[in-house]
Amino acid sequence: MPEHEADATHLSPAREVGDFLRRRREQIAQRWADEPLFRTVFTVSRDEAVDAGRTIVDALAQVADAQRIEDPDAAGFTGVREQLARMGAARSRAGLSTTQVSSELAALLPPVENLLVADLQQEDPERRRECATALSVLMGTLRLVTMQTALSENQALIDRQRLQLLEVATPVIKLWDGIVAVPLIGTLDSARSQVVMETLLNAVVDQHARFAILDITGVPTVDSLVAQHLMKTVAAARLMGAECVVSGIRPAIAQTIVHLGLDLGTVKTRASLADALGYCLHELGADIVTAPAEGAVRR
């Protein structure tokens, strides 16, 4: 009886699978390189796919040695999570659904299972069944780790894109030397309010602004939470040395503020953006002169 088979009788099924993975590392990597998942992700060369397969086999062997084949948080998976995420994300970008990606991962089991059965040909049927079950569980955990990591990466991408959209939807406009404005359109929530505050404060510093106008003409409703965000933004701008003016308070919003009992007494408000700009210009000592109508005679 070969030495590895004699030693195998003293090993748990998981550890025997770990030994098998190390012995057959090269063959497994070569077979995986021809599977759709590896073939379509690693397109530069087949050697690239084989190298990726070797890395994943090493990780699986480490997890099996630790007898944590059902644990997606096993330390052995740490080194390959980034690679697994890239593979899952690449297939998603290619238009595959989560179910299809999972099916491609499941297709990695049969080539390994065939090698395992051939290796354990001399073992009793019960032992072969136990080892095959351990391998199946381990590969199932690999699928779970890959999908979890890919979904996490996708969520992180969505969050980054959402933040970028919020920044684009919250422009800061320089109206005059020392005067900046943020026209707000749409609903204000905690995340967007934080972006508004950060964007406005950065503009105050960059433009050396003395006045900052928050125009809420395009905000459909104002509740206590929105009012609190506005108050915090006004206070933060004041700490940066700028006076903040809130404009665009329509009659319906004014009534809502009164009904809610909100105290905006410390906040400078104006009915429109034009009124707010006029106030800021006046405070800066600039006079607004109405141009005479065309054809009018000056006296």
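Any read-out appearing in this document is the output of simple, stated calculations on the displayed coordinates, not a laboratory observation. These numbers were taken from a predicted model, which means no experiment stands behind them. Cβ sites come from the backbone with ideal geometry, for glycine too, and all protein chains shown count toward neighbours.
Okay, helix-only estimate at 222 nm for the chain: each DSSP H run of n ≥ 4 adds -39500 (n - 2.57), divide by all residues, round to 500 deg cm²/dmol; what do you get?
Numbers: 13 runs with 183 residues, N = 299.
Computed ellipticity for the chain at 222 nm equals -20000 deg cm²/dmol.
Rank these for me by crowding, 198, 82, going from fewest to most other beta carbons within 10 Å.
On the way: 198 14, 82 11.
By the 10 Å Cβ count, ascending: 82, 198.
How far, in nm, would the chain grow between residue 27 and residue 287 when pulled straight, counting 0.36 nm per residue and subtracting the alpha carbon separation?
Working: separation 260, 0.36 × 260 = 93.60 nm, distance 8.31 nm.
The residue 27-residue 287 span can extend by a further 85.3 nm.
Quick one: plug the Kirkwood hydrodynamic radius of region 3-164 (C-alpha pairs) into Stokes-Einstein at 10 °C, 1.306 mPa s, and report D in µm²/s.
In µm²/s, the coefficient is 97.
Over 34 Å apart: what share of the alpha carbon pairs of the chain falls there, rounded to a whole percent? Kindly include the intermediate steps, with their values, before the conclusion.
Working: 23096 of 44551 pairs.
Beyond 34 Å sits 52 percent of the P(r) for the chain.
Taking neighbour counts of Cβ atoms within 10 Å as a proxy for exposure, in what order, fewest first, do 221, 199 appear? Display every interim value, and only then the final one.
On the way: 221 10, 199 17.
Least crowded to most crowded, the residues run 221, 199.
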